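Read the structure below first, then the notes.
The values are calculated or read from the model by the stated rules, or taken from the named source; none is laboratory data. All of these numbers come straight from a predicted model, not from anything done at the bench. Quick reminder, even Gly has a Cβ in these numbers, built from the backbone with ideal geometry, and neighbours come from all protein chains shown. For accessibility, only protein heavy atoms count, side chains too; no ligands or nucleic acids. Shrake-Rupley method; radii C 1.70, N 1.55, O 1.52, S 1.80 Å.
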Amino acid sequence: MLWCLGEAHADVVLDRLRATGAHVDTVPLRVALRETFTGEARGHGRLVKQSGGHGQYAVCDVVVSPLPRGSGVQFTDKVVGGAVPSQFISSVEKGARAQLEHGLDNDHVQIVDVLVTLVDGKAHSVDSSDAAFQMAGGLAVKDAAANGGVSLLEPLATVDITVPDTHVGAVLSDLSGRRGRVTGTEPDRARPWAWSAPSSTPRCPTPS
């Protein structure tokens with residue numbers, strides 16, 4: 001694995017390696033992005049198909065609410081009167097979680113830190129099934145995203161920085177200007193002239 005300062009630097013290094021006869025495989029860099037809901041949104045999922053024999057029937061209504069960072073995906077149900085039979089509630093949860101993990105569009109950006117609440121639905125005594133309610137749960141989550149706001153989260157990166165002591169102040173100032181959060185500094189005993197500063201960039205929703 002090569003660590004480079006940019007595309008131009010990478011091109012030079014790769015050209016030199018290939019000139020020596022080395023076979024080099026390259027893959028595009030993909031940042032692990034995440035998204036979340038910016039506000040509470042209601043979604044309706046309906047799957048009704050009939051094509052001879054047993055059909056597929058499942059209807060569910062969910063409310064998706066944002067949670068604090070790091071909460072993950074949570075699920076609860078507030079169904080009353082058996083609108084969704086108890087054996088299919090876990091199916092709705094499975095479908096909703098799968099849709100959130102897969103993403104809401106072709107970019108496949110995972111949705112995190114949300115609470116999915118199943119509030120209502122309908123079932124058929126013959127045509128309802130586990131698979132039908134899984135699909136309806138996913139459709140309900142996608143509908144909630146269309147009705148509410150979804151925001152991209154900034155990536156979270158953790159880095160260790162080694163810098164000569166004469167530049168510690170300038171580097172700390174630069175990190176602060178980039179919204180970095182320094183967790184501590186200590187002298188580098190292997191290199192007496194240097195200080196090591198672990199730093200992390202906080203993740204937060206981008207302005208909508």
- Note on the structure: Between the modelled labels at residue 38 and residue 78 (7 Å from Cα along Cα→Cβ) the distance in nm is 2.4 nm
- Message: How large is the direction-averaged shadow of the alpha-carbon convex hull of segment 36-125, in nm²?
- Response: 6.7 nm²
- Query: Quick one, which of [x] 1.06; [y] 1.48; [z] 0.93 is the actual Cα Rg over 2.2 N^0.38 Å calculated for this model?
  - Reply: [y]
- Task: Starting with the highest mean, order 116-128, 75-87 by the number of other Cβ atoms within 10 Å, averaged over the residues of each peptide.
- Result: 116-128, 75-87
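In Å², what does the accessible area per residue of the chain work out to with a 1.4 Å probe?
Numbers: 13050 Å² over 208 residues.
Here the per-residue accessible area is 63 Å².
Looking at the chain, what % of its DSSP beta bridges pair antiparallel, to the nearest 5?
Numbers: 34 of 41 bridges.
Just about 85 percent of them are antiparallel.
Quick one: pull the percent of accessible area on the chain belonging to carbon and sulfur, 1.4 Å probe, ligands and nucleic acids left out.
Working: 6910 of 13050 Å².
Ligands and nucleic acids excluded, carbon and sulfur reach 53 percent.
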- Separation between the residue 4 and residue 158 pseudo-spin-labels, each 7 Å from Cα along Cα→Cβ, expressed in nm? 2.8 nm
- Sum of -39500 (n - 2.57) over DSSP H runs of 4+, divided by residues of the chain (222 nm, nearest 500): -9000 deg cm²/dmol
- Which of the peptides 23-33, 142-152, 7-17 is most tightly packed, and how do the rest follow, going by the mean number of other Cβ atoms within 10 Å of each residue? 142-152, 7-17, 23-33
- Task: Once you have a ≥ b ≥ c as the square roots of the Cα gyration tensor eigenvalues for segment 1-65, tell me rounded if a/c is under 1.5, and otherwise prolate or oblate according to whether a/b is larger than b/c.
- Result: oblate
- Item | Simple label model, 7 Å out from Cα along Cβ direction - residue 105 to residue 166, nm | 5.0 nm
